[in-house]
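Trainee: So that we are looking at the same thing, I have put the structure below in structure tokens.
The values are calculated or read from the model by the stated rules, or taken from the named source; none is laboratory data. These figures come from a predicted structure and were not determined experimentally. Note that each Cβ is placed from the backbone with ideal geometry, even for glycine, and that neighbours are counted across all protein chains shown. For accessibility, only protein heavy atoms count, side chains too; no ligands or nucleic acids. Shrake-Rupley method; radii C 1.70, N 1.55, O 1.52, S 1.80 Å.
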Amino acid sequence: MRALVLLILAACSSPHGIVLWHAYNGAERSALEATAAAWNADHADDPITLVAVPYDAFADKLSSAIPRGNGPDLFIYPQDRIGDWADAGVIEPIEFWVDDARADRFTPASLDAMAYKGSLWGLPMAVKALALYYNPDIVPVPPRTTDDVLALAEKLHPRGVFALAYPNVDLYEHAPWLHGFGGSVFDTHGAFAIATPEAAKAMSFARSLVTSGATPEDAQASLIASLFNEGRAATVISGPWFIGDIANVSWKVTTLPIVSATGEPARPFASAEGLMMSARAHDKDAAFAVMDYLSNDASAITRAKHARQVVPNVHAWDDAALASDAVLAAFRAQLDHVVAMPNDPRMRSVWTPYRTALGEVLSGRVEPGATLDKLQHEIEGFAR
């Protein structure tokens, strides 16, 4: 940890160039490094310095470092903290630099994800949502409905194989059921909508997946990868990042199933990862030039090809190789059935207590209705 801090401070004290923090690993990191190297080859006097920061520490380090003038010029992060950082003066609005031609580069939904209180706070780099991975050697035809998932469990559970594995105590992974049953976190007026009959039905369904043996009770990410790779889970709900965890097993990706009780698609959160500018960037024009380059169509194609990122650049998908990629096509198809991740600052007060409550329901210790009533009261208290 001390070495990381020293590296960050050294990078941020650079007298020239643009410092960019990111939390990418594996193929995503390599693709970002390739595009940064291409910039540096033509801009030796104003190079990009990339600094990898662990994701779990990323947001807190930014919130602490930037107001003290020790943070990066730019950073890549999902949209959900935009509201917090904009209100706190941590990030710079960028609409001054974004003309119609630049705006038209991106899908409207991805650009909207970077907006807050009438300003634009970042350029979208990738759009991410959950989808359904499946092992065609175990299940040649993936389940198209939640009834199919339960029927698959009846067939596979006696053989010691789970029909489905996903981190079911986390709201992010539970969200497809929440939205598929008609629930939400906020209502159309922006008030919390935690305790609703729809949310209770979604929790009850998630519990039924456990009691039927369709899914483990509390599956963490490392366990899920092991189950899938060992042939002990036929399907997995995860995002593009799961590809790097798959080893020595056949796999394909498709869209999430229809919720049989409602006839509606399971709708995960869609989050846009954006390239944002620090309010303390030492040269904001130069910083935006880097933002513009790293988010252009050519850079997006590099990231999509090498890291399987679902990029928001409309014309990147004119590339024949991208257009024919079945994995990317599945994730793009899922984006037709998603709910935008809220960037309301109050969302931060939701994740942890919701996880606790959901875990209690899945364990069978409490009932959904009363638990959600208590949860809403708790979250509203935190958010005041």
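Trainee: So, in segment 135-166, exactly how many residues are open to solvent by 20 Å² or more (accessible area, probe 1.4 Å) and either under 24 Å from Tyr24 (Cα atoms) or in a strand (DSSP E or B) (or both)?
Mentor: Selection size over segment 135-166: 2.
Trainee: Looking only at segment 14-21, decide whether some residue is at pLDDT below 95 and part of a helix (DSSP H, G or I).
Mentor: Quick first cut of segment 14-21, residues at pLDDT below 95 only: 14-17.
If we keep only those that are part of a helix (DSSP H, G or I) too, we end up with none.
Among the residues of segment 14-21, not one is at pLDDT below 95 and part of a helix (DSSP H, G or I), which makes the answer no.
Trainee: Then there is this: Among the listed residues Arg365, Arg346, identify the single one that is within 25 Å of the chain's Cα centre (by Cα) and of a type in the set (Lys, Arg). Steps first, please.
Mentor: Details: Arg365 fails: within 25 Å of the chain's Cα centre (by Cα).
Just a single option satisfies the conditions, and that option is Arg346.
Trainee: Taking segment 290-307 as the search range and keeping residues that are open to solvent by less than 10 Å² (accessible area, probe 1.4 Å) and among the aliphatic types (A, V, I, L, M), which one is farthest from Ile76 (Cα to Cα)? Even if it seems obvious, please write down each step before you answer.
Mentor: We begin by selecting, within segment 290-307, every residue open to solvent by less than 10 Å² (accessible area, probe 1.4 Å); these are 290-291, 294-295, 299-300, 303-304.
Retained after the next criterion (residues that are among the aliphatic types (A, V, I, L, M)): 290-291, 294, 300, 304.
Numbers: Val290: 12, Met291: 10, Leu294: 11, Ala300: 14, Ala304: 16 Å.
Once the filter is applied, the top-ranked residue is Ala304.
Trainee: Restricting attention to segment 351-359, does a residue exist that is over 26 Å from Glu217 (Cα atoms), without any contact (Cβ under 8 Å) to a residue 60 or more places away in the chain and assigned to a helix (DSSP H, G or I)? Show your work before the answer.
Mentor: Keep residues of segment 351-359 that are over 26 Å from Glu217 (Cα atoms), which gives none.
Among the residues of segment 351-359, not one is over 26 Å from Glu217 (Cα atoms), without any contact (Cβ under 8 Å) to a residue 60 or more places away in the chain and assigned to a helix (DSSP H, G or I), which makes the answer no.
Trainee: So is Thr235 hydroxyl-bearing (Ser, Thr, Tyr) and in contact with a Leu (Cβ under 8 Å, 6 or more places away or on another chain) or not?
Mentor: Values: hydroxyl-bearing (Ser, Thr, Tyr): yes; in contact with a Leu (Cβ under 8 Å, 6 or more places away or on another chain): yes.
Yes: the conditions hold for Thr235.
Trainee: Same structure, new question: Would you call Asp45 out of contact with any Asp or Glu (no Cβ under 6 Å at 6 or more places or on another chain), open to solvent by 40 Å² or more (accessible area, probe 1.4 Å), in a loop (DSSP other than H, G, I, E, B) and not β-branched (Val, Ile, Thr)?
Mentor: Yes.
Trainee: Looking at segment 87-126, which of the residues that are over 22 Å from Trp317 (Cβ atoms) and assigned to a strand (DSSP E or B) is least open to solvent (accessible area, probe 1.4 Å)? It would help to see each step written out before you state the result.
Mentor: First pass over segment 87-126, keeping only residues over 22 Å from Trp317 (Cβ atoms): 87-97, 99, 115-121.
If we keep only those that are assigned to a strand (DSSP E or B) as well, we get 91, 115-116, 119-120.
Values: Ile91: 6, Ala115: 40, Tyr116: 30, Ser119: 25, Leu120: 22 Å².
Ranking the qualifying residues of segment 87-126, first place goes to Ile91.
Trainee: Tell me which residues, restricted to segment 308-332, are open to solvent by 40 Å² or more (accessible area, probe 1.4 Å) and of a type in the set (A, V, I, L, M).
Mentor: Across segment 308-332, the qualifying residues are Val314, Ala320, Ala321, Ala323, Ala326, Ala329.
Trainee: Output the number of the condition that Tyr134 fails; it satisfies all remaining conditions of (1) within 30 Å of Ser250 (Cα to Cα); (2) touching a strand residue (DSSP E or B) at 6+ places or on another chain (Cβ under 7 Å); (3) modelled with pLDDT under 95.
Mentor: (3)
Trainee: Do we have any residue at all in segment 192-211 that's open to solvent by less than 10 Å² (accessible area, probe 1.4 Å), within 19 Å of Ser349 (Cα to Cα) and touching a residue at least 40 places away in the same chain (Cβ under 8 Å)?
Mentor: From segment 192-211, those open to solvent by less than 10 Å² (accessible area, probe 1.4 Å) are 194, 199, 202-203, 206, 209; that's our starting set.
Filter once more, so that each one left must be within 19 Å of Ser349 (Cα to Cα): 194, 199.
Still in the list and also touching a residue at least 40 places away in the same chain (Cβ under 8 Å): 194, 199.
Yes - at least one qualifying residue is present in segment 192-211.
Trainee: Right, another one. Please verify whether Thr215 is within 24 Å of Thr145 (Cβ to Cβ), in contact with a strand residue (DSSP E or B) (Cβ under 7 Å, 6 or more places away or on another chain) and either open to solvent by 40 Å² or more (accessible area, probe 1.4 Å) or at pLDDT 95 or above (or both), treating the condition exactly as stated.
Mentor: On the way: within 24 Å of Thr145 (Cβ to Cβ): yes; in contact with a strand residue (DSSP E or B) (Cβ under 7 Å, 6 or more places away or on another chain): yes; either open to solvent by 40 Å² or more (accessible area, probe 1.4 Å) or at pLDDT 95 or above (or both): yes.
Answer is yes for this residue.
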